[in-house]
Each structure stands twice: as structure tokens, then as C-alpha cells.
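*Asks:* Quick one: this structure, given as C-alpha cells, is what I'll be asking you about.
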Amino acid sequence: MERIELTRDCEAVAIPAGHVVTIEQGTEAIITQALGGSWTLQIPALGGLYRIAGLDGDAIGKEPIAPVEHDADATLEDQVMAVLRTCYDPEIPVNIVDLGLIYDMAISPGDDGSQIDVKMTLTAPGCGMGGAIAADARQKLIALEGVADANVEIVWDPPWNPQMISPEGRERLGMA
């Protein structure tokens, strides 16, 4: 937890609502999480949590974080899973793969590049961040070389439960 003051206006995603807001220069905040190339801020004046993208790190006095570079020698499937491991629910310090939220991933080759289709769930049906998490995953997937498009669909069957968390995720959450 680190107190900061925004040095410029910055777009952020409200948590858990998922809508985009502009946080004004001079706003005081507390960094509560820095994972997956983004920061989660608690902003007492606005009464909630907000996520800002890694490229906006300068707005909070941090070095901007460029998108993750991937091992070009790895298979596309391995690269996709590596990208998905950089996606986080801003309220939980475990990536969506280790949380057990990824149910299916398919790669279809195409003339202009591969199509990536991911089916994922959320820890709770009422989670307002679902769209933002899926959009973050899609954005990171289409940035991969050789990917023409990606679709990240939120599904509810089977319902998620804590037993789906990987051993690494359990350890991170203190459940091991």
C-alpha cells in the first residue's frame, strides 16, 4: 500500500462496476495492487477502487509498463496461456488462469492470422468487472504476433468454485 497523488488526468476503470472514468490530476490515492501490468487504486474522495493501465504509470509516479513481450519460440498455445496469466481480477491477487476461470481455449488458423476463442467464467455471477476482465484478456491476445482476432466469452456452466484454483493460486491466497 502506497499513497500517491495523480500527476495528470488519467482514465481508469471503476471496480467492480467496470465503467471508464477520468481521475483528475491532484487526486490522492492508495495503490492496493500492482499486477498484470496495471495498478488498482483506492481513491477515498471517489469512494472506491479503480484500475489504471500500465501505460498510464506516469500519472501515479511510476514507470509506464509496456505490454508484455512474449517468447517468439513458444507455441501460440503457450503464448496465449502466458498472456492470460497476466490478466487479473483487480480485487484478487491471482491471475485468471490460476483462479481456474479459464474453461476453454481454441486456436483456429486463418489467412490473416489465428483466431483465439476463450471461454471463461467469474468467481461470482454478479461481478461487475467481468466485461473489463474479458476486454483486458482480448486486448492482450490480439497483441500477440500472428493473431488476427480474439473472442473472450463469459460462461456460467459449470459454476466456478474455490476447488478450481490451482495450487499456485491457493498458495498466493494463503489457502495451501
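The values are calculated or read from the model by the stated rules, or taken from the named source; none is laboratory data. What you see is a predicted model; the values in this text were computed from it and never measured. All Cβ positions, glycine included, derive from the backbone under ideal geometry; neighbour counts span all protein chains shown. Accessible surface areas use protein heavy atoms only, side chains included; no ligands, DNA or RNA. Shrake-Rupley method; radii C 1.70, N 1.55, O 1.52, S 1.80 Å.
*Asks:* Hey, can you tell me all the residues within the stretch 26-41 that are under 17 Å from residue 8 (Cα atoms) and open to solvent by 50 Å² or more (accessible area, probe 1.4 Å)?
*Replies:* Of everything in the stretch 26-41, just one residue is under 17 Å from residue 8 (Cα atoms) and open to solvent by 50 Å² or more (accessible area, probe 1.4 Å), namely 28.
*Asks:* Could you please find all residues in the stretch 1-50 being hydroxyl-bearing (Ser, Thr, Tyr) and either under 27 Å from residue 84 (Cβ atoms) or part of a loop (DSSP other than H, G, I, E, B) (or both)?
*Replies:* Matches in the stretch 1-50: 7, 27, 32, 38, 40, 50.
*Asks:* Another question, then. Restricting to the stretch 152-176, name every residue that is outside any helix (DSSP H, G or I) and either surrounded by fewer than 14 Cβ atoms within 10 Å (Cβ to Cβ) or touching a Ser or Thr at 6+ places or on another chain (Cβ under 9 Å) (or both).
*Replies:* 153, 154, 155, 156, 157, 158, 159, 160, 161, 174, 175, 176
*Asks:* If the Cβ limit is 6 Å and pairs must be 6+ apart or interchain, which residue in the stretch 113-127 that is among the polar types (S, T, N, Q) pairs with which residue that is open to solvent by less than 30 Å² (accessible area, probe 1.4 Å)?
*Replies:* Going by the 6 Å Cβ cut-off, the qualifying pairs are 114/147; 121/101; 121/155.
*Asks:* Kindly check whether there is at least one residue in the stretch 128-137 that is open to solvent by 60 Å² or more (accessible area, probe 1.4 Å) and closer than 29 Å to residue 71 by Cβ.
*Replies:* No; the residues of the stretch 128-137 include none that is open to solvent by 60 Å² or more (accessible area, probe 1.4 Å) and closer than 29 Å to residue 71 by Cβ.
*Asks:* Only one of these is open to solvent by less than 40 Å² (accessible area, probe 1.4 Å), without any contact (Cβ under 8 Å) to a residue 60 or more places away in the chain, on the phi < 0 side of the Ramachandran plot and of a type outside the set (A, V, I, L, M): 89, 104. Name it.
*Replies:* When all the criteria are applied, what remains is 89.
*Asks:* Select, from 53, 66, 72, 82, the only residue that is in contact (Cβ under 8 Å) with a residue 60 or more places away in the chain, among the hydrophobic types (A, V, I, L, M, F, W, C), under 26 Å from residue 146 (Cα atoms) and open to solvent by 40 Å² or more (accessible area, probe 1.4 Å).
*Replies:* After applying the criteria, what remains is 72.
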